[in-house]
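Enquirer: Mind looking over this structure? Questions follow.
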Amino acid sequence: HQDFDLITALPRATAGGLQVLIDGEWTPVEAPDGYTVLNVGMVLERLTGGRARAAVHRVVAAPGQSGGRLSIVQFCHPTPWTVLSTLRGCTADGEADRYPALTAQDLFQRTMYRINRLDSQHTRHTQHARPSRHTRHSQHAAAARP
């Protein structure tokens, strides 16, 4: 997934497992002691016209890992009414803007719509399989929507 924010700060977790998708390969990422991993989010990608790319990432348990994983994460979000448009200097003269201007709230709603649509497509394709905890939650959430 990609984070819906400007930047996500990830200090070193109690166990590994953070991976970033680089050139089609999942690559382990771990902050050295005293350092923090910074993930670019979808909002910053839009503001920079795609020059800074939102990190596609996941967390998985390492083979043979026992116990839990504790991670403290700091997200940096704009206010909902902030207009997100490419910043001056992030596009070359005459270059078309890759991202139309819209508010942070509109981007959030579009992103949630896309996620819910993909989740419901996944649910339809797996209705004969045993649903995961996430799928059951999504089905209840979908039933509660007007």
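The values are calculated or read from the model by the stated rules, or taken from the named source; none is laboratory data. None of these values were measured; they are calculated from a predicted model. So basically every Cβ, Gly included, is an ideal-geometry build from the backbone, and we count neighbours across all protein chains shown.
Enquirer: Of the conditions (1) surrounded by fewer than 14 Cβ atoms within 10 Å (Cβ to Cβ); (2) at pLDDT 75 or above; (3) in a loop (DSSP other than H, G, I, E, B), P146 fails just one. Which one is it?
Expert: For P146, the exception is condition (2).
Enquirer: Of the residues A101, A61, A54, only one is modelled with pLDDT of 80 or more and more than 28 Å from A31 (Cβ to Cβ); which?
Expert: A101
Enquirer: If you check S66 against the conditions, is it in a loop (DSSP other than H, G, I, E, B), under 17 Å from the mean Cα position of the chain (by Cα) and at pLDDT below 90? Walk me through it before giving the result.
Expert: Numbers: in a loop (DSSP other than H, G, I, E, B): yes; under 17 Å from the mean Cα position of the chain (by Cα): no; at pLDDT below 90: yes.
No, not satisfied.
Enquirer: Moving on to the next point. So, of the residues in region 13-41 that are of a type outside the set (A, V, I, L, M, F, W, C) and assigned to a strand (DSSP E or B), which turns out to be surrounded by the most Cβ atoms within 10 Å (Cβ to Cβ)? Steps first, answer last, please.
Expert: Looking only at region 13-41, we keep the residues that are of a type outside the set (A, V, I, L, M, F, W, C), and these are 14, 16-17, 19, 23-25, 27-28, 30, 32-36, 39, 41.
Those left that are additionally assigned to a strand (DSSP E or B): 19, 25, 27-28, 36, 39.
Values: Q19: 17, E25: 8, T27: 11, P28: 11, T36: 12, N39: 21.
The qualifying residue surrounded by the most Cβ atoms within 10 Å (Cβ to Cβ) is N39.
Enquirer: Checking the condition part of a helix (DSSP H, G or I), in the same structural domain as L87 (by TED's automatic domain parsing), surrounded by 17 or more Cβ atoms within 10 Å (Cβ to Cβ) and in contact (Cβ under 8 Å) with a residue 24 or more places away in the chain, which residue from L44, L10 passes?
Expert: L44
Enquirer: (1) in a helix (DSSP H, G or I); (2) surrounded by 15 or more Cβ atoms within 10 Å (Cβ to Cβ): which one isn't true of T91, the others all being true?
Expert: Looking at each condition in turn, T91 falls short on (1).
Enquirer: Tell me whether region 74-82 contains one or more residues that are touching a residue at least 40 places away in the same chain (Cβ under 8 Å), surrounded by 11 or more Cβ atoms within 10 Å (Cβ to Cβ) and part of a loop (DSSP other than H, G, I, E, B).
Expert: Yes; the residues of region 74-82 include at least one that is touching a residue at least 40 places away in the same chain (Cβ under 8 Å), surrounded by 11 or more Cβ atoms within 10 Å (Cβ to Cβ) and part of a loop (DSSP other than H, G, I, E, B).
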